[in-house]
1. List the number of the failed condition for A:LYS43; all other conditions in (1) under 21 Å from the mean Cα position of the chain (by Cα); (2) more than 16 Å from B:GLN128 (Cα to Cα); (3) surrounded by fewer than 22 Cβ atoms within 10 Å (Cβ to Cβ); (4) charged (D, E, K, R) hold.
2. So, in region B:32-46, how many residues would count as being away from ligand 4 (no atom under 15 Å from the Cβ) and loosely packed, with under 13 Cβ neighbours inside 10 Å?
3. Name the single residue that is farthest from the other protein chains (Cβ to nearest Cβ) among those in region B:103-149 being part of a loop (DSSP other than H, G, I, E, B) and among the charged types (D, E, K, R).
4. Report, ordered by the first and then the second residue, all pairs with beta carbons closer than 7 Å, sequence separation of six or more or different chains, a first member in region A:236-254 that is free of Cβ contacts under 8 Å to residues at least 12 places away in the same chain, and a second member that is assigned to a loop (DSSP other than H, G, I, E, B).
5. State which residue is nearest to B:GLU58 (Cα to Cα) when the search covers only region B:87-102 and only residues that are within 14 Å of chain A (Cβ to nearest Cβ) and either assigned to a loop (DSSP other than H, G, I, E, B) or charged (D, E, K, R) (or both).
6. Tell me which residues, restricted to region B:19-31, are within 13 Å of ligand 2 (Cβ to nearest atom) and surrounded by 15 or more Cβ atoms within 10 Å (Cβ to Cβ).
7. Of all residues in region B:137-175 being within 16 Å of ligand 1 (Cβ to nearest atom) and hydrophobic (A, V, I, L, M, F, W, C), which is nearest to B:SER3 (Cα to Cα)?
8. Keeping to region B:123-146, report how many residues are within 16 Å of ligand 2 (Cβ to nearest atom) and farther than 21 Å from B:PRO85 by Cβ.
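The values are calculated or read from the model by the stated rules, or taken from the named source; none is laboratory data. Note that the structure is a prediction, hence the values are computed from the model and not measured. In this analysis, Cβ positions are derived from the backbone assuming ideal geometry, glycine residues included, and neighbour counts consider all displayed protein chains.
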Amino acid sequence: MHEINSLTILGGNDKDDNCDFVDSIKILKGEIIGVVGPTGSGKSTLIGDIEQLAQRDTQSKRQILIDDAVPDNDLRSDPRKKLVAQLSQNMHFLADMKVDEFLRMHAKSRGKPETLSGEVIEIANTLCGEPLGPENHLTALSGGQSRALMTADIARISDSPIVLIDEIENAGIRKQEALKLLSGEGKIVIVVTHDPVLALLTEKRIVMENGGMVKIIERSGKEREVCSKLAELDERIIMLRETIRRGETVEELI
Amino acid sequence: MLSSLTRALIDSGMNPSIVKVDCLWTEDDKRLGRLGVPVKAALSKDMCPDHFAIYNTEDMLAWAEDNGSDILLNETAGLCLRCAPYPNDCLAVCVIDITSGPNNPLKVGPLMTSADVVMMTKGDMVSQAEREVFRERVLEANPTCTPIEANGLTSKGSVELAEIVLRSKDVSSDMRLRNNPPFSICTLCAGETRIGKEYQRGVLRRMDGFTDYRGE
Ligand SMILES: Nc1ncnc2c1ncn2[C@@H]1O[C@H](COP(=O)(O)OP(=O)(O)OP(=O)(O)O)[C@@H](O)[C@H]1O
Ligand SMILES: Nc1nc2c(ncn2[C@@H]2O[C@H](COP(=O)(O)OP(=O)(O)O)[C@@H](O)[C@H]2O)c(=O)[nH]1
Ligand SMILES: [Mg+2]
Ligand SMILES: [Mg+2]
């Protein structure tokens, strides 16, 4: 894997062509950053800018630097050289292919061994309820199965120094495990989320409004405490969820 | 895509003319007319749109020259996926929708396999993995093309395409097609509507691949 030390976002404009309030952010190797804001505030657009290593050529006119320099053109387009893995907000696959065939093709496009396919399916099955298999059609997978497969695919096949995650919480898969799986040692991880547990797990968060980056909040000591309590609470909610999913009844609040 | 390319070209000081070839109906000329450049819509009606585009290539170029344009952009419907109206000297751009699925690049034929640039649109509607698989399939079908991820709504990709357009060379007087059009000239082309082997003349191909010429 290609090593990088930093990613810099230079501000552009919001939906009304006003300048981003935050004019630049430098994110270092190993950092996990959150992106928060109301629906429609431009969170996905911001990580879209990072995915395509925007050079003032997107709607937002932002510019992305890698290690303080303008990245080479082929880093933007050639999947074999890409620095960015992105779990987008899409809940379903549209490709009319079988799971195994798709994963092999994707591995090939990223210059990885096609034999990774089996491993990806195995990992996906640890994240979702009903298991999926190599012969399943992608378009027949449920939303949760699709997200689990996309997550596992990123962890093994798209393994990149920059990881962008758009709302991992919304598909009923195990979100904390999924986040752990995606955020390996020394990576830059950017998480778009509406979920308080995930948002408070990040050290810094970018706040979006009307398409613009309006501020950066550093996580306080207090928030850190809240986060660990919240994580416990979340574990309990997940256990309750599993109980209900198994078709059992809830006797008491554990 | 054509609109955002036109805007990008205007921004870099070019003066394009546009001809849009469609089959039966189009209002693209109204849409494109808002860009403030000369636009002509041409309907091929009962002629194949690609044959129509090929037949009219010189007239289109002459019209663009009369307008004082330095470049002609010609968009054609390209429906049967068997022809491609690309002359050797012109820059050939194929626009393909990623949501049509990764098997589509294998079905499109010369329209894509002989293009110089393949603009892949609607990538925003699928995952990154699907975009990458689609790109791989495009390159399998056409290893020498430049694939560009594009978006018709946000103009993504149009600046990259405009740069390639600006670098492309001028047409010569001896233009040739990159591909042979399909061979079928038969009585159906001339208006026959009855179904049955005995009514058909011309170059005909059976399901088992046997090809024959019947007629005088
Ligand atoms: N800087 C910008 N300039 C122009 N348009 C923008 C900008 N940022 C976002 N938009 C537009 O705003 C719309 C919503 O943006 P986006 O999808 O990024 O929101 P979101 O925060 O991810 O919402 P959700 O929480 O619902 O996923 C999109 O149509 C996008 O093109
Ligand atoms: N989401 C998305 N929609 C697009 C994109 N490009 C075009 N569209 C939409 O798709 C529709 C058809 O676009 P058009 O350019 O007219 O396609 P044509 O029919 O092939 O000429 C329109 O509603 C566009 O707004 C894209 O990149 N992403
Ligand atoms: Mg979003
Ligand atoms: Mg059109």
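1. Here A:LYS43 meets the rest and fails (3).
2. 3
3. It comes out as B:ASP116.
4. A:THR243/A:VAL250; A:ILE244/A:VAL250
5. B:ASP97
6. Hits for region B:19-31 are B:LYS20, B:VAL21, B:ASP22, B:CYS23, B:THR26, B:ASP28, B:ASP29.
7. Checked region B:137-175; the qualifying residue nearest to B:SER3 (Cα to Cα) is B:LEU153.
8. Residues flagged as within 16 Å of ligand 2 (Cβ to nearest atom) and farther than 21 Å from B:PRO85 by Cβ within region B:123-146 amount to 10.
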